[in-house]
Amino acid sequence: MLASTIRLGKLPPKADPRTLRLATYIEKRKLPKIPQAHNLSKRTLQAFPHLGMMANNNLGDCTCAALGHAFQTWTAYGGKPWRPTDSQVIEAYNRVNGGVDEGAAMLDVLKMARSVGIGGNKIDAFVAIDPMNHDQVRTAHFLFGGLYVGANLPTSAQDQLDKGEWFLTTGNGSEPGSWGGHAFNIVNTSKRGLTCVTWGTLQKMTWDWWDRYVDESYAVLEHDYLGDDNRSPQGFSFEKLKRDLGAL
């Protein structure tokens, strides 16, 4: 994949004191056992053999495209696979950026997706994850059906696209942000690393690469991933999270 055929578009992280933290809502005694490896890509690809660029080859809409890919996974598990059209992703992106293709902040996209939605589908809530806490990352990925993540990509990440994995290097081109900011959706986690959906394909990354370049991460609650009892497939209840976010 040539870097000239794809776009980035994540702006620097925004701070909001109202953004809830996952640690506040996790009660260890009620959690199921978190597996060392958790794969969401298999069922996602079964439902969507072609994941789609979602216009991120022409526009810096990665922040909205990443949520579009997240909807693919959530609905694949919910039993009614759905993805927003490219036009719906572009409409959401323009709603956040005011029609100027200069990228967007992930927090602004999450707030828009909660209030208006993408293609008519809204998210219910979101909580910030500490990307340096690997146990929290794995727990959030397992319970919420993915992670909405932003990274300061180095230029070295361009050449690693064809290798299918981002891994840590040193020297020229390894500086965080030397390529630019990018957002993507995590579908797999394991002892060795993580896998995201981006630019219509799967891209792996090692944990040490993650530690250096990821600068923000969110777990997103979306109703298609929940059962009738408002619990995830792993049995975790989100009622308190929904109530608290609704009161903000």
> Residue check: is residue 142 farther than 25 Å from residue 103 by Cβ and surrounded by 15 or more Cβ atoms within 10 Å (Cβ to Cβ)?
Replying inline: yes
> Could you list, in sequence order, the residues of region 90-113 that are without any contact (Cβ under 8 Å) to a residue 24 or more places away in the chain, part of a loop (DSSP other than H, G, I, E, B) and not aliphatic (A, V, I, L, M)?
Replying inline: 98, 99
>> Test of understanding: among 102, 175, 91, which residue is over 22 Å from residue 57 (Cα atoms) and acidic (Asp, Glu)?
In response: 175
>> Just the residues that are touching a helix residue (DSSP H, G or I) at 6+ places or on another chain (Cβ under 6 Å) and buried (at least 16 other Cβ atoms within 10 Å of the Cβ), please, taken from region 122-134.
In response: 123, 124, 125, 126, 127, 129
> In region 144-177, which residues are of a type outside the set (Phe, Trp, Tyr), touching a strand residue (DSSP E or B) at 6+ places or on another chain (Cβ under 8 Å) and in a loop (DSSP other than H, G, I, E, B)?
Replying inline: 146, 161, 164, 168, 176, 177
> Which residue pairs have Cβ atoms closer than 7 Å, lie 6 or more positions apart in sequence or on different chains, and pair a first residue in region 114-140 that is at positive phi with a second residue that is at pLDDT 90 or above and assigned to a loop (DSSP other than H, G, I, E, B)?
Replying inline: 119/84; 119/85
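Residues checked against (1) touching a helix residue (DSSP H, G or I) at 6+ places or on another chain (Cβ under 8 Å); (2) crowded, with 19+ Cβ neighbours inside 10 Å; (3) modelled with pLDDT of 95 or more:
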| residue | (1), (2), (3) |
| --- | --- |
| 179 | yes, yes, yes |
| 182 | yes, yes, yes |
| 188 | yes, yes, yes |
| 193 | yes, no, yes |
| 196 | no, yes, yes |
| 204 | no, no, yes |
| 212 | no, no, yes |
| 219 | yes, yes, no |
| 225 | yes, yes, no |
>> Among the listed residues 68, 60, identify the single one that is modelled with pLDDT of 95 or more and under 15 Å from the mean Cα position of the chain (by Cα).
In response: 68
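The values are calculated or read from the model by the stated rules, or taken from the named source; none is laboratory data. Model, not experiment: these values are computed from the prediction. In this analysis, Cβ positions are derived from the backbone assuming ideal geometry, glycine residues included, and neighbour counts consider all displayed protein chains.
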